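Here the structure is laid out as structure tokens; the discussion comes afterwards.
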Amino acid sequence: MPWTRDDMAKRAAQELKDGFYVNLGIGIPTLVANHIPDGVDVTLQSENGMLGMGPFPYADEVDPDLINAGKQTITELRRSSYFNSAESFAMIRGGHIDISILGAMQISEGGDIANWMIPGKMVKGMGGAMDLVAGVKRCVAVMDHTNRAGASKFLPQCTLPLTGRNCIDMVITDLGVFSRPEGEAKFRVTELAPGVEMDEVKAKTEADLDWG
Amino acid sequence: MSNKVFKTAADALQGLTFDGMVVMAGGFGLCGIPENLIAALRDSGAQNITAISNNAGVDGFGLGLLLETRQIKKMVSSYVGENKEFERQFLAGELDLEFNPQGTLAERIRAGGAGIPGFYTKTGVGTVIAEGKPTREFDGEEYIMETGLKADVALVKAWRGDTQGNLQFKKTARNFNPMMATAGKVTVVEVDELVEVGSFDPNYIHTPGIYVQRIIEAKCEKRIEQLTVREKEEVQ
């Protein structure tokens, strides 16, 4: 059985270490907050200007002046701090955030990521994604291994406009985990989802990986 | 002592608006936007505006008001996904759009306000953002040059302000507002609460009044984009 969205988030949460400052993207990465391992204490950064993001508010504590980067209402914690957008991205671009977990449309075998634009179709913008992949120490991409038409999203080269070049350290898909220890090395399969065979992964991967 | 305090948003924009002007507007999504000043800018009738703002509001609110009336010629933003009228005008070629990575946008505004004409950043290297921009290597890594941004008028939303223009922001409604306050030739601020000078502990002023030329107290609707709550029964 390939991993579900929640399984992928749970696996991504294993990458969080005690004391980390963490930025989670929108979509599956947001679910990672529900799976932080016991005994691991992390501080979540929200790039609109907050460290120490708390859970969603109860209906009677909603504050329109307190939202996350997905524009959802949230709450503060005892450790929380607020700051302006330039300071927020000083944290991100200055390498002070330990890990970024983000969604992807395509990943290349060289660690490039595309996740912000489909020419002619989707005009939304990159928000903080380009800053995150350029500045955060470790970037983990979470995505389905193939698109709805069954085509591989793990490719020799991204065909969509890039968000960043050679910046992804680990890819978690519904089929398994792919990681590379050094920036230039090939990705290799480090885990398979339960019941998933290597042959299936090979058949669904266009990127050239280190198959071991 | 010069008087910075104005009565209404329309009064505060008097004599500042003109066709082709460059405007900055604070806010992230609909959080911390100067909603009364944006409405007054629409009512001023100024055309061909270049608007620098992280987002473009939503249909019928925030900067969405000025898109409806076609007063905006160009947007400089990082994310515009919440506005259908924007998408329609852009895809129809009626509106110019310059996407900036969010951190680059924030830093360009900070630099503009600090008298820094340009800076180098890794963000966007190898992407369409780098096209046409000078690059330079530092310690073996490639960086692209970005330029500082200024505006004819910066529209800022703060929580509390005093009559000298010293400002405090609330929670995540701070976002782009403090940098924009520094980058406007004229900075106009709307606050939830206007207080007498001397009311704030000087240790806790976020934006000093030197950056603020005009200030009003105005009630904001503070519309919420994504109301998300949890149930009381849920034990956390």
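Points worth noting:
- Given charges at beta-carbon only (K, R positive; D, E negative), |dipole| of the protein assembly as shown in Debye: 880 debye
- Cα centroid of the range B:27-93 to Cα centroid of the range A:9-70, whole Å: 30 Å
- Overall dimensions of the range B:88-236 as given by Cα atoms, namely Rg and Dmax in Å: 19.5, 56
- Structure note, pairs B:Lys7/B:Lys222; A:Lys137/B:Lys73; A:Lys124/B:Lys74; B:Lys4/B:Lys222: Cα-Cα distances above 27 angstrom occur for A:Lys137/B:Lys73.
- Taking all protein chains as shown and a probe of 1.4 angstrom, A:Leu31 keeps an accessible surface of around 50 Å².
- Size of the protein assembly as shown as Cα extents on the principal axes (Å, biggest first): 76, 51, 42
- Kirkwood Rh and Cα Rg combined as Rg over Rh, evaluated for chain A: 0.97
- Note: the range A:37-121, Cα convex hull, 175 Å³ per residue.
- Chain B: DSSP helices with Cα axial extent of at least 15 Å and average Kyte-Doolittle hydropathy no lower than -1.0: B:102-113
- Of the residues B:Gln164, B:Val125, B:Gly113, the one whose Cα sits farthest toward the positive end of the charge dipole of the range B:111-182, with +1 on the Cβ of Lys and Arg and -1 on the Cβ of Asp and Glu, is B:Gln164.
- The range A:1-87: Cα Rg divided by the 2.2 N^0.38 Å rule of thumb: 1.13
- Paramagnetic reach from B:Asn3 (point 7 Å along Cα→Cβ, amide N under 16 Å) across the range B:198-220: B:213-217
- Cα centroid separation, the range B:211-234 to the range A:99-170: 32 Å.
- Chain A: antiparallel DSSP beta bridges as a percent of all, rounded to 5: 50 percent
- With the charge dipole of the protein assembly as shown set up from +1 on Lys and Arg Cβ and -1 on Asp and Glu Cβ about the Cα centre, the Cα lying farthest toward the positive end among the listed residues A:Val32, A:Val177, A:Trp211 is that of A:Val32.
- Under the Karplus curve 6.51 cos²θ - 1.76 cosθ + 1.60, θ = phi - 60°, whole-Hz ³J(HN,Hα) for the range A:98-107, x wherever Gly or Pro sits: 6, 8, 10, 10, 9, x, 9, 8, 8, 10
- Of the GluC sites (Glu not before Pro) found in the range B:1-108, those in coil by DSSP whose Cβ has at most 12 other Cβ atoms within 10 Å are B:Glu94.
The values are calculated or read from the model by the stated rules, or taken from the named source; none is laboratory data. All values reported here derive from a predicted model rather than from experimental measurement. In this analysis, Cβ positions are derived from the backbone assuming ideal geometry, glycine residues included, and neighbour counts consider all displayed protein chains. Note: areas computed on protein heavy atoms with side chains; ligands, DNA, RNA excluded. Shrake-Rupley method; radii C 1.70, N 1.55, O 1.52, S 1.80 Å.
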